[in-house]
Amino acid sequence: MENSPHAAASTLDFTAIDFETANPRRASVCSVGLAKVRGGEVVDTLSLLVSPPEWCDEFAAMNVRIHGITAGTVAGAPSWERAFGQVMAFIGDDDLLAHNAAFDRSVMEQACSAYDLDWPELAWFDSLAFARGLLTLGSYSLPFVAKALELEEFDHHDAGADALQAARVAIALAARVGAGSLADLASRASVHARPQRATGGSGRAHATEVGETEPRDLDSLSSASLLEGETIVFTGTLSLSTRAEATALVERFGATTQTSVTKKTTILVTGDFTPQSLRPGATMSSKLIKALALAEKGQRLELLTEDDLHARLDLDRAALEAATRAQRASARGGWLPSYVVDQARSQSGETENYTAWLRAALRHPEGRATATDSCIRCDGPFADDVYWMFLERRVCSPDCNEALKRAAKRAWAGSGIVRPAAPSYAESYGRRSETPGLP
């Protein structure tokens, strides 16, 4: 057991987690580390090497420079499909904590999607957000936060060490403000946890298949008033959102929107703006020309690209893309195709293999998607590198795939269709690490 001078929050229980990936694909997990906290102290750790899926197992030079893991390092290591049970058995019912949780959550979910594993229904909290809310630093990366809290040095970008240090950060911050839980700490840091799962009477997130609310539409994003007092105008073609979706997003963060530039405008967001747009003789939109003229006369008016806007809102692009897809799906009521019920009913008793049954039930009857097809859930296009299983189901992304599975399970339950039992997470508790000072 680790004795910490910051371990005053005696009721603080959670598991910290950190992932390293082989390349920019979030599904390419090559290492995972966890640290379990009980009563404000780290009591156990788990660290595993993981062999990435074959379709995204290249080790990018940049990633290797960061964490030092290579294809040779993970030779013989289990796949995420095999490691998942051990990881989930270690986590149990704990809330999860990570430093920049949006990244680690998306890694876990996309790695699960690669093997058709259901996404874990757990609440996620972010030590990065806690630090931003409670400390004033030039950088909120894990080493800087740890140094500010006078924590011992650690091997940054080792998954086990990073998970352990994130746990220590949360413990130290909780002790500073007297928080007894991660939810309490989030409240005191004025940030929002994002469990985005149905909850029972206790408020604890839990797994459910029937009656679960759809996660991750715009309601899943923070409603903090980061743009309060701003008047925003959009111009040009946006790359990620439609104009209506972008308008809903900034209004969610407290801004007022206009359709044209006026003396009240404080921000102009333009999808077509680049630094080259300001060269003499360059063609500009009328809104951009007017905005530049008003700024030259002294009006407080800032020009932002779409990426600049997202950076200002501190939004993870993957989370925003998922929210946008969910918003589009919510406008397409009844999107679940009827064939997922018909195909499930037709194979009752055909196989007891859960994975094979699920694949047969969800496979699109017209075959894999092509460049001219669109996602059955959000009507979005397919990228060139979409995972083959998503093409087979004609869903464009891991979150649309998971939404398809959730909706299908509700429909199957409503139709009285019995399916094979899914594999259990709890295969073993997991080995203990060799971290000095821990059992």
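The values are calculated or read from the model by the stated rules, or taken from the named source; none is laboratory data. Predicted model, so just to flag it, every value in this text is computed and none were measured. When we count neighbours, we look across all protein chains shown, and the Cβ atoms used for this are built from the backbone with ideal geometry, even at glycine. When the accessible area is computed, the model is the full protein with side chains, heavy atoms only, and any ligands, DNA or RNA have been set aside. Shrake-Rupley method; radii C 1.70, N 1.55, O 1.52, S 1.80 Å.
Residue 69 meets each of the listed conditions (1) in contact with a strand residue (DSSP E or B) (Cβ under 8 Å, 6 or more places away or on another chain); (2) β-branched (Val, Ile, Thr); (3) open to solvent by 40 Å² or more (accessible area, probe 1.4 Å) apart from (3).
Here is a check on your reading of the model: is residue 156 free of Cβ contacts under 8 Å to residues at least 24 places away in the same chain and open to solvent by 10 Å² or more (accessible area, probe 1.4 Å)?
Criteria met by residue 156.
Looking at region 101-121, can you tell me whether even one residue there is charged (D, E, K, R), within 18 Å of the chain's Cα centre (by Cα) and under 18 Å from residue 45 (Cα atoms)? Yes, there is a match, as at least one residue in region 101-121 is charged (D, E, K, R), within 18 Å of the chain's Cα centre (by Cα) and under 18 Å from residue 45 (Cα atoms). Scanning region 98-148 for residues that are surrounded by fewer than 18 Cβ atoms within 10 Å (Cβ to Cβ) and within 16 Å of residue 25 (Cβ to Cβ) returns a single hit, 115.
Is it the case that residue 52 is touching a helix residue (DSSP H, G or I) at 6+ places or on another chain (Cβ under 9 Å), open to solvent by 20 Å² or more (accessible area, probe 1.4 Å) and on the phi < 0 side of the Ramachandran plot? Answer is no for this residue. Report yes if residue 81 is open to solvent by 10 Å² or more (accessible area, probe 1.4 Å) and in contact with a Leu (Cβ under 9 Å, 6 or more places away or on another chain), otherwise no. Yes.
Note on region 248-291: among residues that are among the hydrophobic types (A, V, I, L, M, F, W, C), modelled with pLDDT of 85 or more and touching a strand residue (DSSP E or B) at 6+ places or on another chain (Cβ under 8 Å), the one that is farthest from residue 328 (Cα to Cα) is 291.
Remark: pairs (first residue in region 323-351, closer than 14 Å to residue 410 by Cα; second residue among the small types (Gly, Ala, Ser) and in a loop (DSSP other than H, G, I, E, B); Cβ separation under 6 Å; 6+ apart in sequence or on different chains) = 341/415. Scanning region 27-49 for residues that are β-branched (Val, Ile, Thr) and either open to solvent by 10 Å² or more (accessible area, probe 1.4 Å) or part of a loop (DSSP other than H, G, I, E, B) (or both) yields a count of 1. Of the helices (runs of 4 or more DSSP H) entirely within region 325-421, those holding at least 3 residues that are more than 22 Å from the chain's Cα centre (by Cα) and loosely packed, with under 14 Cβ neighbours inside 10 Å occupy 339-346.
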